[in-house]
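Input: a single structure, listed below in structure tokens.
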């Protein structure tokens, strides 16, 4: 059964917001704690996909304490649930942080529900263009 939700109170949105709050204060552990052992990760700063929590952890440990965004926003989060999976898409803007005055992103996270807990199994970050 597929459910499509445009609301801001789905569990995976709450999990993502909490992880983003930590991320924007230099702490990637929120995302590492949510990621499944078989997570796949795309990042525009990397030339290849990262496969597995061990590789994602190594990458995130290299940038721990270097990413700061004192002001940020999650824009238009959307969740589609299909069985024990949920696809979260949103735009993310950060301001006056370590990455520059303003960064605009698109994000897709695929979550898998196991034993009543949601795990990230796929992440894809990409840059988005300026608004027209």
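Nothing in this text is a laboratory measurement; each read-out follows from the coordinates by a stated rule. Note that the structure is a prediction, hence the values are computed from the model and not measured. All Cβ positions, even for glycine, are placed from backbone atoms using ideal geometry, and neighbour counts span all protein chains on display.
Looking at the chain, the pairs of alpha carbons with a distance over 20 Å make up 43% of the total.
So, by mean Cβ neighbours within 10 angstrom, what's the order for 119-130, 13-24, 61-72 with the highest one leading?
Working: 119-130: 15.1, 13-24: 18.1, 61-72: 13.4.
So the peptides 119-130, 13-24, 61-72, ranked by packing, come out 13-24, 119-130, 61-72.
Summarising the strand pairing of the chain, around 90 percent of its internal DSSP beta bridges are antiparallel.
For the chain, adding -39500 (n - 2.57) for each run of n ≥ 4 DSSP H residues and dividing by the number of residues yields -6500 deg cm²/dmol at 222 nm.
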